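What follows is one structure encoded as structure tokens, with my remarks underneath.
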Amino acid sequence: MFKNVQIQSVKLNQVIVKDTYYNNAFEKEIEYLKSLEIDRLLAGFREVKGLKHKAEVYPGWENTEIKGHTLGHYLAAISQAYAITNDISLRKDIDYIVDELSDSQLDNGYLFASDEYLFDNVENNKPAWVPWYTMHKIFEGIILAYEATGSKHAYNIMSRLADWVYSRSLSWDEKLNLQVLGVEYGGMNDCLYDVYSHTGKKEHLMAAQKFDEIALFKALYEGKDILNDLHANTTIPKFVGAMKRYMVLDECDPFYLVACENFWEIVVNHHTYITGGNSEWEHFGLPDILDSERTNCNCETCNTYNMLKLSKGLFQITGKKKYLDYYDNTLTNAILSSQNPETGMTMYFQPMATGYFKVYSTPYDKFWCCTGTGMENFTKLNDAIYYIRNEVNGLEITVGRYISSELFLEDIPLRLKVGANYPEKEESNVTILDVEENKHFIIKLRIPDWCQGSYIVDVNGLEEGIAKKDGFIYIDRRWNNNDVVNIVWKMAVTYERLQDNPNVVAFKYGPVVLSAGLGKEDMEVSKTGVDVTIPTRNMDIKDYLLIQNMTVEEWLSRITDNILKKVGSIEFVLKNTDEDESLVFKPHYRQYEERYGIYFSLFDINSGD
């Protein structure tokens with residue numbers, strides 16, 4: 001347990017998800033992971049050690065200067081999946097990879113899929129792409145393998161590799177240290193603080209601190225928005241690392257926490273779209289300039305992966321509900337949205353401009369960064385649903401997300417079952433099972449930001465003993481088997497405007513972002529960056545609505561009368577527009593076969609705009 005964390009996220013193996021959409025997403029990811037040839041992912045590591053090839057390296061990003069990054073993601077993903085399923089075949093794969101990495105590790109601790117010259121190049125200001133970024137992915141995989149299995153081999157690999165980082169960083173004076181930090185390094189501080197939490201070696205702590213970018217943290221500590229033109233997925237992990245430092249070390253220094261909180265506030269409130277995603281062509285822009293930057297290259301999925309890490313940790317430290325609200329919204333509308341539910345393939349960019357479509361990776365020849373984080377996203381879908389905290393007045397269990405699932409706490413013992421089916425139904429429930437008679441504990445329910453302040457909560461039909469505080473419902477009582485908390489979070493259609501163009505709006509129904517299907521015509525793709533596939537829009541697509549019979553403001557004030565839910569479905573049509581009945585909106589995470597529109601400009605039909 002980290003020193004400065006009072007709220008604990010329960011372990012992956014303590015939660016079973018029952019939601020059919022989530023389970024399909026998990027199963028598709030597992031199918032993909034099991035289809036990959038492990039020896040091809042390990043090929044570069046064996047080559048560096050001079051070992052005989054067992055297979056050829058995969059193409060795409062795995063045959064570039066960052067080869068090996070996918071192995072890190074893959075090992076992390078199967079370690080998470082093993083923790084959830086206890087699947088023996090996954091355990092065998094983990095053990096095999098760990099053994100192969102142990103064989104491939106050099107005497108000085110170096111472990112990588114390319115020779116060490118790339119790290120020399122960073123220090124000599126020569127081309128290297130991003131070796132420290134790749135190293136972070138390798139560390140993460142090994143750390144999660146150790147945490148899932150307790151493997152001594154994994155521990156030794158992790159510790160010796162951190163020794164190598166320490167030894168290398170000893171030669172960095174302040175100038176060279178800053179030069180190293182000028183090249184994307186992922187969350188090297190994050191993973192090394194994790195290593196230190198396991199080993200307790202001061203050398204590992206010193207290595208972690210070499211990757212703390214103090215000048216950046218100071219600017220955000222002071223509340224300055226300096227994000228314009230910064231590469232988003234370079235920047236976000238730095239703050240995940242700052243947060244990890246605060247969690248791991250007993251410094252009682254608010255500097256790192258405040259910097260992270262301010263960074264989160266700035267990103268979420270001034271750089272984020274309705275889905276929870278951020279960035280255009282991987283970079284932050286000016287604050288509150290979002291409409292002007294809507295393109296086919298918005299919202300790199302790695303960014304949301306890392307923002308979820310940051311949000312979860314900030315909730316565990318502070319207990320503030322806003323971090324759970326963001327997590328819930330973003331997991332649903334950006335992460336679930338990033339996977340093709342038929343193939344399991346995942347997205348790099350998530351376009352916010354109207355008329356584009358979702359483009360997914362291909363299984364064996366791309367290996368983008370977002371392919372790797374996608375592996376991790378969909379093997380931890382039961383994470384961050386429940387949290388526990390040991391209070392003076394008893395155990396507190398927080399239900400942070402309303403997903404059909406079961407929580408098992410063997411040491412109490414207790415089984416807590418949540419039944420939910422959002423967005424189809426407003427009703428959900430929490431049932432207490434396998435508990436001793438008159439067991440005292442507190443159930444803490446997050447009041448979702450989307451329920452518009454309207455809800456019903458009772459226990460066995462009675463509303464006694466229920467309190468509200470700081471956006472949560474607290475139920476403090478003695479519980480018995482088959483006690484049921486009945487919950488109704490009222491759902492309604494709502495809208496959000498973009499700061500730099502209030503005429504541009506997007507819609508939600510309860511927790512889900514809605515998008516309109518815009519057809520399958522001419523769904524051609526092109527390439528950008530390093531072989532990243534993106535959608536094209538070589539045709540005129542109407543991205544506005546003409547409001548009839550009233551003004552735009554009147555139409556929005558009556559939004560629940562003007563966007564109507566179809567009977568018996570989760571589809572919506574418009575009223576009092578020039579697109580009545582012709583545009584059909586549905587949850588964006590289920591929109592994967594055609595062009596779509598999340599944002600539309602609204603104009604009065606007689607305005608002349």
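Details
- Subset of segment 19-57 (residues that are of a type in the set (K, R) and outside any loop (DSSP other than H, G, I, E, B)): K28, K34, R40, R46, K49
- Residue in segment 251-273 that is charged (D, E, K, R), farther than 30 Å from G597 by Cβ, touching a residue at least 60 places away in the same chain (Cβ under 8 Å) and not assigned by TED's automatic domain parsing to the domain that holds V532 present: no
- The residues on offer are A154, A162, A148, and the sole one that is of a type in the set (A, V, I, L, M), in a helix (DSSP H, G or I) and in contact with a Cys (Cβ under 9 Å, 6 or more places away or on another chain) is A162.
- Any hit, segment 323-346, residues being within 24 Å of D229 (Cα to Cα), assigned to a loop (DSSP other than H, G, I, E, B) and over 11 Å from the mean Cα position of the chain (by Cα): no
- Positions within segment 504-534 being among the hydrophobic types (A, V, I, L, M, F, W, C) and not in a strand (DSSP E or B), in sequence order: L518, M523, V530
- Of all residues in segment 501-526, those satisfying the criterion of being in contact with a Ser or Thr (Cβ under 6 Å, 6 or more places away or on another chain) and surrounded by fewer than 18 Cβ atoms within 10 Å (Cβ to Cβ) are N503, E524, V525, S526.
- Residue in segment 531-545 that is farthest from S361 (Cα to Cα), counting only those that are modelled with pLDDT of 95 or more and out of contact with any Ser or Thr (no Cβ under 6 Å at 6 or more places or on another chain): K542
- Members of segment 58-77 that are assigned to a helix (DSSP H, G or I) and at negative phi: W61, E62, N63, H69, T70, L71, G72, H73, Y74, L75, A76, A77
- Residues of segment 217-257 that turn out to be at positive phi and either surrounded by 14 or more Cβ atoms within 10 Å (Cβ to Cβ) or basic (K, R) (or both), as a count: 0
- Conditions (1) in a helix (DSSP H, G or I); (2) over 28 Å from P131 (Cα atoms); (3) touching a residue at least 60 places away in the same chain (Cβ under 8 Å); number of the one not met by I16: (1)
- Note on segment 196-274: enclosed helices (runs of 4 or more DSSP H) holding 3 or more residues that are over 25 Å from S167 (Cβ atoms) are 214-221, 232-248, 254-270.
- One residue from I547, I570, I559 being in contact (Cβ under 8 Å) with a residue 24 or more places away in the chain and within 28 Å of the chain's Cα centre (by Cα): I570
- Checking each residue in segment 100-129 for being in a helix (DSSP H, G or I) and surrounded by 14 or more Cβ atoms within 10 Å (Cβ to Cβ) picks out E100, L101, S102, S104, L118, F119, N121, V122, E123.
- S35 falls short on exactly one of the conditions (1) surrounded by 15 or more Cβ atoms within 10 Å (Cβ to Cβ); (2) at pLDDT 95 or above; (3) of a type in the set (S, T, N, Q), and that condition is (1).
- Test for E594: is it among the acidic types (D, E) and either over 31 Å from the mean Cα position of the chain (by Cα) or outside any loop (DSSP other than H, G, I, E, B) (or both): no
- Test set (1) farther than 30 Å from G150 by Cβ; (2) loosely packed, with under 15 Cβ neighbours inside 10 Å - N177 fails condition number: (2)
- Residue count for segment 39-70, restricted to those that are within 25 Å of the chain's Cα centre (by Cα) and of a type in the set (V, I, T): 2.
- When segment 421-458 is filtered for residues that are in a strand (DSSP E or B) and of a type in the set (S, T, Y), the ones remaining, listed by number, are S428, T431, Y455.
- Residue ID - farthest from the chain's Cα centre (by Cα), chosen from residues in segment 406-441 that are under 24 Å from I570 (Cβ atoms) and among the β-branched types (V, I, T): V430
- Failed criterion for V180 (all others in (1) β-branched (V, I, T); (2) touching a residue at least 60 places away in the same chain (Cβ under 8 Å); (3) closer than 17 Å to D120 by Cα hold): (2)
- Residue that is surrounded by the fewest Cβ atoms within 10 Å (Cβ to Cβ), among those in segment 76-99 that are among the hydroxyl-bearing types (S, T, Y) and more than 16 Å from E140 (Cα to Cα): S89
The values are calculated or read from the model by the stated rules, or taken from the named source; none is laboratory data. The structure displayed is predicted, hence computed values, not measured ones. So basically every Cβ, Gly included, is an ideal-geometry build from the backbone, and we count neighbours across all protein chains shown.
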